Amino acid sequence: MSVKERFLNYIRFDTQSDETTHTTPSTAKQKKLGAYLADECRAIGCDEVEMDPCGIVYAKINGDETKPAIGFLAHMDTATEISGADVQPQIIEQYDGRIIHLNETETLQIEGHIGETLITTDGNTLLGGDDKAGIAVIMEAASRLIDEQSPHGPIFLAFTVDEEIGEGTDHFDLKKFPTAYAYTVDGDRIDAVEYENFNAAQAVITIKGKSIHPGDAKGIMVNAGLLAAEFTGKLPADETPATTEGFEGFYHLLKIEGTCEQAQLVYIIRDHDTERFDERKKTMTSIVQQMNEKYDGRLTLEMHDQYHNMVRFMNGDLTSVERAKKAIQAEGLQPVSPPVRGGTDGAMLTEKGLICPNLGTGSYNHHGRYEYASVDEMEKLVRIVLRIMKEV
């Protein structure tokens, strides 16, 4: 089986997570892919394969115990923003740079990838490259490693649930993953080794209004919807996802809903720099305090950290990063370490003590209908991961 075939098999599974269910996994359908992957791990020759009650799949490839054990992880769930059900992939051989027609109304213009085989959506769903391309790469590299019988240390694999809703490592058992360090395969470009991600928090602002018949409202009505609009206007307009890049942080209004009687705003706060991150949270608190003074305490704020920049917890240990860069160079690429404008399971694992930088997947435009994957890049990434496994 090829990495392309594995990927096409995996995207047949609808594994969208759901932050509203408060269960683990958040959707039972993630376990269907988990069971499939567990069977596949056994079929290629992995040892100690299990899917735990939370849906997390663990496996081991036995190796020379005198060498340090390393691990590879990818997540099974897909993003909440758009459906991942009934994915209809389109395969484009020898891409020539032209506009791709996903369907009658949706088109996709891609830079680069000339001559490569691409896999796109039909414009109605996401593709699932995030992170089923990562799963496919790991599984194919593991299969080749076992078939080759080349010398290597112990290799541990894990496929997690609910990464997209920030719960990917909540129930991860490090005792089943006793590695010196590990890698998530959950990025995009294949020449990247990423180890500086956002610090992240979520803020929920609930506003209590006062409703009365509009004809009798003067001096009495307090419109919660208008207060919500006022709140958003107090945040910097040039510090949103659409206006920032690189190491620039932002406030992102994830959801807004309400009536005159009550409104709610859900924000996510992101910044790579710890001090700026803390300042952003203070800004949210300050705005709520100011508006409460003006409107008699009608706003409440619930805010919590979601994850932190993994570089804070690496303590200068770049062993895993250098090993990956060596493998990337061996494939004729120049390794880069751009900032991650998001988070990974690896960020949370690093905070727990397991250093876990992020590798690419060869898939792009994640979380939307314009997502695509390059089969050529996925194949090259398989070779990179295989080199990391063998440290060649």
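Would you mind checking the pairs K32/K352; K218/K255; K208/K282; K176/K380; K4/K175; K31/K390 and listing those with alpha carbons more than 25 angstrom apart?
Where the Cα-Cα span goes over 25 Å, the pairs concerned are K32/K352; K218/K255; K176/K380; K4/K175; K31/K390.
Contour minus end-to-end for A229 and E19, with contour as 0.36 nm per residue of separation and end-to-end as the Cα-Cα distance?
73.1 nm
Taking 0.36 nm per residue of sequence separation and subtracting the Cα-Cα distance, how much length would be gained by fully extending the chain between K32 and S286, in nm to one decimal?
Fully extending the segment from K32 to S286 adds 86.9 nm.
Compute all pairwise cysteine Cβ distances in the chain, then list the cysteines with no distance under 4.7 Å to another cysteine.
C54, C260, C356
Report the normalised scattering of segment 199-307 as log10 I(q)/I(0) at q = 0.24 Å⁻¹, calculated by the Debye formula with identical scatterers on the alpha carbons.
For the requested q values the scattering log ratios are -1.32.
Give the separation of the Cα centroids, segment 145-220 to segment 305-356, in Å.
14 Å
Within 10 Å of each residue's Cβ, count the other Cβ atoms and sort S363, S320, S2, S337 from fewest upward.
Fewest to most other Cβ atoms nearby, the residues stand as S2, S337, S320, S363.
Sort R369, R312, R144 by Cβ crowding within 10 Å, fewest neighbours at the top.
R312, R144, R369
Run the simple label-point estimate for D273 and K175 please: 7 Å along Cα→C-beta, distance reported in nm.
Here the answer is 4.3 nm between the modelled labels.
Just need the relative contact order of the chain here, percent rounded to a whole number, with Cα pairs under 8 Å and 6+ apart.
23 percent
What distance in nm separates the two pseudo spin-label positions at L253 and E48, each 7 Å out from Cα along the beta-carbon direction?
The modelled label-to-label distance comes out at 5.0 nm.
For a quick protection proxy, order the peptides 271-279, 339-347, 166-174 by their average other-Cβ count within 10 Å, most packed first.
Averaged packing, sorted descending, gives the order 339-347, 166-174, 271-279.
Ranking E163, E104, E196, E230 by Cβ neighbours within 10 Å, fewest first, what do you get?
Taking fewest neighbouring Cβ atoms as first place, the list is E104, E230, E196, E163.
Starting with the highest mean, order 348-356, 78-86 by the number of other Cβ atoms within 10 Å, averaged over the residues of each peptide.
Averaged packing, sorted descending, gives the order 348-356, 78-86.
Starting from the Cα of T240, step 7 Å along the direction of its Cβ; do the same at N124; then give the gap between the two resulting points in nm.
For the pair T240/N124, the computed spacing is 3.1 nm.
Would you work out the relative contact order for segment 123-252, in percent, from Cα pairs under 8 angstrom that are 6 or more residues apart?
Relative contact order comes out at 14 percent.
Bear in mind that the values in this text are calculations on the coordinates, not laboratory data. Computed from a predicted model, the values in this text were never measured in an experiment. Neighbour counts run over all protein chains shown; Cβ positions are idealised from the backbone, glycine included.
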